[in-house]
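First comes the structure, then the notes that go with it.
The values are calculated or read from the model by the stated rules, or taken from the named source; none is laboratory data. Bear in mind that the values here come from a model prediction, so they are computed numbers and not experimental data. When we count neighbours, we look across all protein chains shown, and the Cβ atoms used for this are built from the backbone with ideal geometry, even at glycine. Areas reflect the complete protein model, heavy atoms only, side chains present, ligands, DNA and RNA absent. Shrake-Rupley method; radii C 1.70, N 1.55, O 1.52, S 1.80 Å.
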Amino acid sequence: MAKLVINDSKELGRIEPEIYGHFSEHLGRCIYEGLFVGENSDIPNVNGMRQDVVNALKEIQIPVLRWPGGCFADEYHWKDGIGEKSKRKKMINTHWGGVVEDNSFGTHEFFELCKQLGCKTYINGNLGSGTVQEMSEWVEYMTFDGVSPMAELREKNGHKKPWKVDYFGVGNENWGCGGNMTPEFYANMYRRYQTYVRDYDSKKPIKKVCCGANVDDYYWTKGVMETCYDHTPEHLHGFMDFISLHYYVHPEGWEIKGSATDFTEEVWYKTLKKALFMDTLIKRHSDIIDQYDPEKKIGLSVDEWGTWFTCEPGTNPGFLYQQNTVRDALVVGITLNIFNKHCDRVKMACIAQMVNVLQAVILTEGEKMIKTPTYHVFHMYRHHQGATLLDSELSGVNEVGEGEWKVPDITESVSKKDGIITITLNNLSATEKRDLEILFATDKNYEVVEANIVTNKDMHAYNTFENPEVVKEEEFNLYEIDKNKMTVSLPACSVVEIRVK
Ligand code: AHR
């Protein structure tokens, strides 16, 4: 039997709620249809935001939302998306499907959405094709509370009070779609552009995100840190608060990707092995960042992550619409456990993307909406948000899968908030149940507050608009507890949450 020892008095650090963040790009049906249907839609909405989706999202406690891209961000000119809607500029979304972007969702609409979700705001600025002036004026438009041309323009457009920008990304993927830059070139651009991302309200400083690496491009991280990182004490705060990392799981590689729903057992393990690679990536990028910032003042923001499969047959390939199975539930369970365990460096992460794109938590079709397996895992794991990571040690783990795609059969993370310990467990085996003994180091009578599971006997199971509850969160009762000891039986392909006090 595998064994998990929880040192419940050994606290390792705060799990920032922003690790459970989301990403919404002007891509396919994420913003338009998925989140924003417009004020005149028959779909029930408040100020254009569809309420079925907003209400479902509120239940998983969205901590932060990143917008407007992605690759779209470095082509986005914010002034196209303000003012009278009928007069807003129409453009072609060249990156994503070549469709007309009518700019009816812009800055005002983004802040309205975040207000309805009750989440923090993460704006990604345009460094690739935008000017310093444009970036500077956007920040002034959003945050300046006084007399200035941009504050006046905002008021003219119906919003007198400034908004709060919590995070600002200075470019996106500038090693690729954001300008194909070298690390040194980008780093110097970052130094210049970030200067004009001003804190107009010193009580509400904007945290700046520097563009980090693609997957295992350690050369990029090293190059950017070397040129960008400013050792002078007065610059330590507010010069670079985060460096990003983007990593997608493509089971069959970038070219082929692989089907979201039709896969073999071998591909199941391949996918999970690739999800586990996140741990190596965080360690190796952190080792580089540590050389400059041993005190860990800079957060790693994994602001694009998740599965990226071949899009659903019959859909626009530029829309990146994919289904979401029990396999996605395991990917998200594994990844969030990894983030929790690295909460000393990982301070923010945004799954890609929120609705209808890549590993979405919600899918929509007309007025219909379904929650994906990924949604249900986010719902269980919400208890880790803002909690304290506890020391936990797993032993007796088996390897499952074949050859280079072997994976450990269990992963876990444990946190504590308001006197309740939350344990999240994954059984990665496609076929075998797994028994686990849990021992709490403190000798007291623990009791289970709640326990839930997301699973299905069929690893391919997913929700459809006709059958929306094939995979959902259910009560879990395959455990016994006696004082400070528990035994748990984890079904194959399962993500489990147990909460004790
Ligand atoms: O999320 C889809 C795309 O993936 C984003 O636009 C880009 O940043 C990344 O390559």
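Of the beta bridges DSSP finds with both residues in the chain, what % are antiparallel, to the nearest 5?
Values: 58 of 97 bridges.
Expressed as a percentage, antiparallel bridges in the chain total about 60.
Return the carbon/sulfur percentage of the accessible area of the stretch 9-389, one whole number, probe 1.4 Å, all protein chains in place.
About 51 percent, which is the carbon plus sulfur part of the accessible surface.
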Worksheet, complete the sentence: Expressed per residue, the solvent accessible area of the chain in Å² (1.4 Å probe) is about 39
Worksheet, complete the sentence: With a 1.4 angstrom probe the carbon and sulfur portion of accessible area for the stretch 455-501, in percent, totals 43
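At 0.36 nm per residue, and after removing the present C-alpha to C-alpha distance, how many nm does the segment from D145 to S395 gain when stretched out fully?
Numbers: separation 250, 0.36 × 250 = 90.00 nm, distance 5.57 nm.
Full-extension gain reported as 84.4 nm.
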Worksheet item: With θ set to phi - 60° and the Karplus curve 6.51 cos²θ - 1.76 cosθ + 1.60, what are the ³J(HN,Hα) couplings of the stretch 482-491 in order, to the nearest whole Hz, using x for Gly and Pro?
Response: 9, 6, 9, 10, 10, 10, 10, 10, 8, x
Worksheet entry | Label-point gap, in nm, between E152 and K164 - each point 7 angstrom along Cα→Cβ | 2.9
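Among K273/K297; K3/K347; K58/K270; K270/K341; K341/K501, which pairs are too far apart, with a Cα-Cα distance over 26 Å? Intermediate values should be presented prior to the final figure.
Details: K273/K297 30 Å; K3/K347 29 Å; K58/K270 33 Å; K270/K341 22 Å; K341/K501 21 Å.
Those over the limit are K273/K297; K3/K347; K58/K270.
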Practice prompt. Write down the Å³ per residue value for the convex hull defined by the alpha carbon atoms of the stretch 426-501.
Written response: 80
Worksheet item: Excluding same-chain residues fewer than 8 positions from K156, which lysines have a Cα within less than 16 Å of its Cα?
Response: K79, K85, K87
Fill in: Column: log10 I(q)/I(0), Debye, Cα scatterers of the chain, q = 0.05, 0.09, 0.11 Å⁻¹
-0.18, -0.61, -0.92
Practice prompt. Output the Cα-based Rg and Dmax of the stretch 365-501 in Å, rounding Rg to one decimal and Dmax to a whole number.
Written response: 16.1, 54
Worksheet item: What is the calculated FRET efficiency for E184 to E11, with r their C-beta to C-beta distance and R₀ = 56 Å, to the nearest 0.05?
Response: 0.90
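Translational diffusion coefficient, Stokes-Einstein: compute it for the stretch 186-323 using the Kirkwood radius over C-alpha pairs as Rh, at 4 °C and 1.567 mPa s, and state it as an integer in µm² s⁻¹.
Working: Rh = 17.1 Å.
Roughly 76 µm²/s, to the nearest whole number.
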Worksheet item: Non-local amide H neighbours of G299 (under 5 Å, H modeled in plane, Pro and chain starts lacking H): which ones?
Response: F242, I243
Item to complete: Find out how many positive minus negative residues lie around T455, taking Lys and Arg as positive, Asp and Glu as negative, among other residues whose Cβ is under 11 Å from that of T455.
Response: 0
Worksheet entry | Ellipticity estimate at 222 nm from DSSP helix runs (n ≥ 4, -39,500 (n - 2.57)) divided over the chain, nearest 500 | -7500 deg cm²/dmol
Worksheet item: For a paramagnetic label modelled at 7 Å from the Cα of E226 toward its Cβ, which residues of the stretch 269-311 fall within the zone defined by backbone nitrogen distances under 20 Å?
Response: 284-294
Worksheet item: Stretched out fully, how many nm does the piece from D435 to K3 gain, at 0.36 nm a residue minus the Cα gap?
Response: 154.6 nm
